[in-house]
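Accompanying notes for the structure given below.
The values are calculated or read from the model by the stated rules, or taken from the named source; none is laboratory data. Not measured: the values here are computed from a predicted model. Positions of Cβ are backbone-derived with ideal geometry, glycine not excepted, and every protein chain shown enters the neighbour counts. Quick note on the areas: whole protein, heavy atoms, side chains included, nothing else; ligands and nucleic acids left out. Shrake-Rupley method; radii C 1.70, N 1.55, O 1.52, S 1.80 Å.
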Amino acid sequence: MIISKTPFRISFVGGGTDLRKFYKNDFGQVLSTAIDKYVYVVVKRQIGIVEYKYRVNWSQVEFKNQIEDIEHPIVREVLKEFKIDFPIEITTFADIPAGTGLGSSSSFVVGLINAISALKGERMTKYELAEMGARIEVDVLKRNMGKQDHYPAAFGGMNKITFFKDESVTIEPVLVDSSTYDKLFDNLIMLYTDQKRDASSILKHQDQKTKDNIDILTEMRDLVTNLETSLSKKSLEEFGKILDKNWELKKLLTSSISNMAIDKYYDIGKKNGAVGGKLLGAGGGGFLLFYAPKKKRGQVINSLSDLFHLPIKIDKEGSRISYYDNSINN
């Protein structure tokens, strides 16, 4: 039995420039971090005495004998990629529900690839995990999404990720000392809006409007350098202001990114001491992220006490195998 553990992510600035329609004309760039909330994938090779070759446990339980019949799209395509033709059971658990803006599907595909490759005795680099995960979701499944989320899931840490016209990607760690990381995460506040959304439909609309939004997206991309500079200078107040600027720009991309309830929550947070923030993910729901000085942190949380507060820290390891026993009876 193999168990992989893969972090979710927070994207701070630059989201949307990882869509192919943008970076095929000009490079895209985001700054994001992995967090200490995870998806776990359990993969177990079964002995030959089984009624069904493939058992997949997710929001439903599937029993199939042909890979093509598996309904879970990511599981189906990953098993095809690795040519898994022996009896296998796959189960997944997560700290946070899907559809909440933390890149859950990308973390899952990276974690599944990591677990299946370990089961087959193959060692993949973190870059290979991210690259295969992005290819499966974007190119094979044709999902309306960019490919930024697979890299923090695989690598962990806080990184500047750049997307080039030739489809190559570079991932560079943000060079910040541990005390600044600690202070930053102490001052970040994540609140669940209790609204789930279909990121695909929002991103499809955004993707269709990419040509009209080139100037906005370029400005959002260029905030990456500003945000990295604010961290290197330990200017966290400026960090919060840049988040706020990015959120104002993001809302201009399409009307479906925010709504009256989210705007209300955001205004309450700022009135009670938050410097800035954003809605995480594609928009429409999920988690609100605020940056607030430590002395204002409690006031912001209390002012939005009807929202669930989720404490977070940075994850520095990325996707890893947390349990490994490759004997066929385990």
For the range 46-73, which residues satisfy the criterion of being farther than 19 Å from L112 by Cα and exposed (fewer than 10 other Cβ atoms within 10 Å of the Cβ)?
-> I47, G48, I49, E51
Evaluation of N114 against (1) closer than 21 Å to G281 by Cα; (2) assigned to a helix (DSSP H, G or I); (3) of a type outside the set (K, R) (one fails), failing number = (1)
Can you find even one residue in the range 185-196 that is surrounded by 14 or more Cβ atoms within 10 Å (Cβ to Cβ), modelled with pLDDT under 90 and not basic (K, R)?
-> yes
Scanning the range 151-168 for residues that are part of a loop (DSSP other than H, G, I, E, B) and touching a residue at least 60 places away in the same chain (Cβ under 8 Å), which turns out nearest to I321 (Cα to Cα)?
-> G156
Count, please, the residues in the range 19-45 that happen to be over 19 Å from I113 (Cβ atoms) and in contact with a Lys or Arg (Cβ under 9 Å, 6 or more places away or on another chain).
-> 17
Contacts under 6 angstrom Cβ, first residue in the range 211-235 being over 28 Å from D182 (Cβ atoms), partner assigned to a helix (DSSP H, G or I) and among the aromatic types (F, W, Y), 6 or more apart | L217/F22
Just one of the numbered conditions (1) more than 30 Å from K296 (Cα to Cα); (2) surrounded by fewer than 19 Cβ atoms within 10 Å (Cβ to Cβ); (3) of a type in the set (S, T, Y); (4) at pLDDT 95 or above is not true of T229; which one?
-> (1)
Subset of the range 129-150 [open to solvent by less than 30 Å² (accessible area, probe 1.4 Å), touching a residue at least 60 places away in the same chain (Cβ under 8 Å) and within 19 Å of N114 (Cβ to Cβ)] = L129, I136, E137, V138, K147, Q148, D149
Helices (runs of 4 or more DSSP H) contained in the range 233-330 and holding at least 2 residues at pLDDT 90 or above and open to solvent by less than 20 Å² (accessible area, probe 1.4 Å) | 236-250, 260-271
Does the range 53-60 contain any residue that is touching a residue at least 40 places away in the same chain (Cβ under 8 Å) and not polar (S, T, N, Q)?
-> no
Pull up the range 91-128, narrow it to residues that are of a type in the set (V, I, T) and either touching a strand residue (DSSP E or B) at 6+ places or on another chain (Cβ under 8 Å) or within 17 Å of F8 (Cα to Cα) (or both), then point me to the one that is surrounded by the fewest Cβ atoms within 10 Å (Cβ to Cβ).
-> T91
Filter the range 40-98 down to residues that are of a type outside the set (A, V, I, L, M) and in a loop (DSSP other than H, G, I, E, B), then give me how many there are.
-> 19
Provide a single number: the residues in the range 19-31 that are open to solvent by 10 Å² or more (accessible area, probe 1.4 Å) and assigned to a loop (DSSP other than H, G, I, E, B).
-> 4
